[in-house]
Structure formats: structure tokens, C-alpha cells
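Heads up: the structure comes next, in C-alpha cells.
The values are calculated or read from the model by the stated rules, or taken from the named source; none is laboratory data. Computed from a prediction, not measured in an experiment: that's the story for all the values here. Every residue, glycine as well, gets a Cβ built from its backbone with ideal geometry; the counts of neighbours run over all protein chains shown.
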Amino acid sequence: MSFESLGLRADILRSIAEAGYNTPTPIQSQAIPAVLKGGDILAGAQTGTGKTAGFTLPLLEKLSQKAVDKTAKGRRPVRALILTPTRELAAQVHESVRTYGKYLPLRSTVVFGGVSINPQMMNLRGGTDVLVATPGRLLDLVNQNAVSLREVEILVLDEADRMLDMGFIHDIKKVLALLPKQRQNLLFSATFSDEIKALADKLLNQPTLIEVARRNTASERVTQRVHPVDRNRKRELLSHLIKQGDWQQVLIFTRTKHGANKLTEQLLDDGISAAAIHGNKSQGARTKALEDFKRGEIRALVATDIAARGIDIDQLPYVVNYELPNVPEDYVHRIGRTGRADAEGIAVSLVCIDEDKFLRDIEKLIKRTIDKQILAGFEPDPNAKPEPIVLGRRMTIGAGTGKPGKSRSGKPGSSTPSLGQKPKNGNGKKSSTGNQQRTAKPVSAATQTHRKGNSKPQNRSQSAN
């Protein structure tokens, strides 16, 4: 199947070809015709499958099929609204809209928190056809009469599972109340939890169900392994793996913001260039850290789950779970940062005795036992006892009973590239820049450029999201 057979106009096909793609991925070949038919969509796809193009391409086609008069105030009305859970994902989706719609007479805008609201209000003054937004900032703009949602024709909820995980359900309900009842709804989710099913039941009208992978499964292109290790030797083992394996680009997950900061400083002390990215970092610092990582100027990017959601890094070879997530679905999202499209990746988890229950929950979810490898010199103490794991303001036991604790006060790439499978080569490079986020320049509310990253492994495929 080709993009020409999917019913897309010449101007969109031109932009796709210029981006180097000619074969749609499975999610695109199913979603594009379904969206063009006009009905609601409930789509489940693993991250890295090209789902963003799966809804942006038909969305742009539909908006281009008819011209819409400006409002009485001379503004372009918002005709398509795309909600995303994080700033990084919002910027990434907007870049896709700009890339595929560059030959169309349509205007797009992205808005998110963490930056000044005033430039965003100025950008919206003339109106926009496509608005990409995070829920909180969107509501702020609505409350200041900077944007109206009364003429929205298409609503997209991207990574809806993460939005629910982050507590955005109330904001989503507020946004839905501002939209016209007659509209097309597209819900995309990597996993189908009971909460997602409940939201779909309320939001969608006889939706077409699209699934390109088994539910709640990790990417089959990712090699997963566990290294059992004592909790106090995790950092030592991580540095050993990075140095011995000569890893030039690795995304590392911690459970908390404080843990991300601490591990970053420890890696720097070990002579490994690193930076942290989490919710307490300014948007400027987060953007600089991500761009430095993509360019290969730092080897290790340490992130929390929320901050890393939507990170799209070309050819990322390694993901490390320095600490296992207490929500097993988050493991699927984490390792989905590697092994994207036709690329292969490696996901390593450093697991101490405290996290045994988390590991069992993950293996139950993905319906497989993850290969365990004890590395010489890092053998865990057989007499070690599990200790409580602090999760924010709550404490839980990682092993044993698993009862809640007391509350606290304080494969080779295809020869024919598809959209999201564009071959490229890159060369990683070491750097001593380290964690220089204090001098990061502030970013405006305008689109952030999605730069192509470099990594050491050759001939890996480009990710498409």
C-alpha cells in the first residue's frame, strides 16, 4: 500500500515524499481511511508505530476539503483540537502538523505551560485552524478569552492513557464541555485500561476500533533484560554498563525528580556527561537538555515518567530502568522510547530486592518472563531484606506482602522506508558539557524545532511519531 492509495491530496503527498517516506505503517494504513470516513476512532498502538501521522495526515486532508470563513472578529476559528499530556509531546505533534501541512493554506499553533502565556495569546489573536495544546494551558487561554472552541470539528486525544494517569480527567471534562456536540472524536492510547474504556464509552459514538499490536505489550523489537543488583550498587553498575558498553546515548528512568537530580550528579562525578529532565525543570532547561541529548552532546538523559512522555529520539539504542515504575503500564511506555519503527533497541532494568513485586506485576502485564542476568562483580546479597519504597507522599512495600504502607506527611531496517521508518546514519560523540541546564535560554511559546539526534549505532531507522 502507498500513501497515494489512501485518498490524500497532492500537496500532502508532496510533503510526505519530501520527508522521505513512501509506505504507510500499519496504524497509518488503517487509521487514515477510517478518519477520512468521518466516524469516531478508538486506536491502540505501541509508541513508535507512526500514530501521530496516523491522525495528522487525515486531519489535514479533511480541513483542506472545505474553506471556512473567518469569525466576526476576523479570526480563523479553531477547527481541529489536539490534546496531549506533556509539553514535549505537544511540540512534537505540532512539528508533525507543520511538516505535513506546509503546502496547505492552514495555520497551526501550539500552546503549553511552563512558558509565558502572553506570546501564546498574541499567536492566537489571528486565529488558527489546528491547535495543539496541553489541557491546563488551554483552559487558561479559554478563561482569558484568548481562544474559542465553539467551532471545533475534530478532537484528538493523543496518549489518552497518560493524560488520565497524570490526573487530567477533570480538565478534559471541562474542555469537552466547551466543544460543539457535533464533531469527530479520535482517541489514541498505547494501553487500554478500564479508565480508558470508560472514557471511550462516554466520548465516542460507535467508534471504529483500530489495534496494530496486542494490548499492553512491549515492543517486540526491544530486547529486554534484568540485572539483579543490590540497591546501593545500582549507580556503580549503571556507570559500568555505560563505560564498558561504550554507550553514547542512553535514556535512564528514575521514579522521582530528586532521584533524577541525584543520579545525574553521580554520573557526572563518574565522568559521564548527563542531564536531568523532569517537571521541576524550567521549559528552557528541559528543551536544552533534550536537544543536547539528541545532538549527542550528552550521553545520558535522566528522566521521570511524566517528563519523558512523548520524547521522540531518532535511533535511541538504550533505555535503562534505574528504578522500576510502580505502575506496570509505565514500563511499556518507558521501553517504547527505543525499538521504534524498524529499529531495534535494548531495555535494561536494574532491579533490587525491594522491586520484586513491581517486576512480577510488569511480567504479568506483558505476559512474559524477562531474561535475568547477574553480572560478575555485581552479585546481589542473598541475605538482603526488602525495604519500603517511597512513592511521593505514600510509602509502599516493593516485596513481601505488597500491602500499602502508612501515609506520610512530609531487527534490520526495511529497504523501503515508511512514514516513521526513514533510514539514516549517525555518529555519536562524547562531550563534557554535563548538566549545564542553569544557563539554558528560555524558549518562547512558538514551535520547538524537533532536531534529528545522533547516536553511535549505524543504519538504524528513524522513528515516526
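Structural remarks
- Among the residues of the stretch 41-55, just one is in a helix (DSSP H, G or I), at pLDDT 90 or above and in contact with a strand residue (DSSP E or B) (Cβ under 6 Å, 6 or more places away or on another chain), namely F55.
- Among the residues of the stretch 282-319, those that are assigned to a loop (DSSP other than H, G, I, E, B) and at pLDDT 85 or above comprise R295, G296, E297, I298, R299, T304, L316, P317.
- Residue ranges of helices (runs of 4 or more DSSP H) in the stretch 164-273 with at least 1 members of a type in the set (K, R), touching a helix residue (DSSP H, G or I) at 6+ places or on another chain (Cβ under 7 Å) and in the same structural domain as K385 (by TED's automatic domain parsing): 234-244
- Enumeration of residues in the stretch 86-119 that are assigned to a loop (DSSP other than H, G, I, E, B), touching a strand residue (DSSP E or B) at 6+ places or on another chain (Cβ under 8 Å) and farther than 12 Å from A133 by Cβ: G101, L106, R107
- Of all residues making up the stretch 25-40, the number that are outside any helix (DSSP H, G or I) and surrounded by fewer than 24 Cβ atoms within 10 Å (Cβ to Cβ): 3
- One residue from I82, I16 being outside any loop (DSSP other than H, G, I, E, B) and at pLDDT below 95: I16
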